[in-house]
1. Any idea which of I128, F100, Q116 is furthest toward the positive side of the dipole for segment 64-142, if Lys and Arg beta-carbons carry +1 and Asp and Glu beta-carbons -1?
2. Identify the GluC sites (Glu not before Pro) of segment 48-157 meeting these criteria: DSSP loop state and at most 14 other C-beta atoms within 10 Å of the C-beta.
3. Under a cut-off of 21 Å between alpha-carbon atoms, report the lysines in cross-link reach of K108, not counting same-chain residues fewer than 8 places apart.
4. Less than 15 Å Cβ to Cβ from A61, Lys/Arg counted +1 and Asp/Glu -1: what total charge do the surrounding residues give?
5. Based on the alpha carbons, how large is the Rg to Rh ratio for segment 69-141 when Rh follows Kirkwood?
6. Aspartates and glutamates within cross-link reach of K67: Cα-Cα under 15 Å, excluding same-chain residues under 8 positions apart?
7. Treat every Asp and Glu Cβ in segment 1-144 as -1 and every Lys and Arg Cβ as +1, leave all other atoms uncharged, and give the resulting dipole magnitude about the Cα centre to the nearest 20 debye.
8. Could you give the alpha-carbon Rg of segment 97-137 over 2.2 N^0.38 Å, rounded to two decimals?
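No value in this document is a laboratory result; all are computed from the given coordinates. Please read all numbers here as calculations on a predicted model, not as lab measurements. Note: ideal-geometry Cβ built from the backbone for every residue, glycine included; neighbour counts use all protein chains shown.
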Amino acid sequence: MTVFSIYIERLPTLVFRFLVSGFQSPIFMLFLIGQIALVACNSSNDSSEPVATEPLPLVNAQIKDGKDIATGLLAGEGLNVVKSHCLACHSSDLIVQNRFTREGWHKKIIWMQETQGLWDLGESEPVILNYLAANYAPEEFRGRRKPLAEVEWYELD
Ligand code: HEC
């Protein structure tokens, strides 16, 4: 048996002793109290305050290869409105990574309004839902483009 494996066997005891002696030390206690206070402060800071309370200014998207250069969102009607309302709090990743039906997107919006401080989208809501349902629908609902026809396959070495 090596010295090392003796250490491993005794590890729980050593850790326990370390903690016990730590608890007896006033400096350790102060440190611990400080950490607990820090954690408490942090968690009360991110208490459901919305990140934003109004939409971003409308900006015309710059499209390249069918996508908005700045956000990666697919080009389509309503894109600018979506960018203004939907990227005020979080990145476009949350949209790009998801696929829902129109109904599903509506539910997400309602969830954000009820729990995350999303505002009333007013007249923009149908525009946003149309965009999302057209561009980020589950596969079987999607009809954006036909499958590629003339693909030039090449051999992998
Ligand atoms: C007021 C802030 C705010 C705005 C504006 C906002 N969201 Fe969100 N959204 C959130 C928060 C907070 C989350 C949760 C993020 C997390 O889980 O990290 C979220 C999560 C999401 C998710 C992931 C939901 C899930 O179930 O995983 C999607 C999709 C989404 N938002 C889409 C949108 C769309 C579309 C819009 C525009 C209509 C929008 N968001 C506008 C705050 C906002």
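1. Final value for the positive-end residue is F100.
2. E77, E123, E150, E152, E155
3. K83
4. Numbers: positive: K64, K67, K83; negative: D65, D68, E77.
Summing Lys/Arg as +1 and Asp/Glu as -1 gives 0.
5. Working: Rg = 11.3 Å, Rh = 12.3 Å.
Using Cα coordinates only, the ratio equals 0.92.
6. Answer for K67, where 15 Å is the Cα cut-off: E77, D93, listed by chain and number.
7. 540
8. For segment 97-137, the normalised Cα radius of gyration is 1.10.
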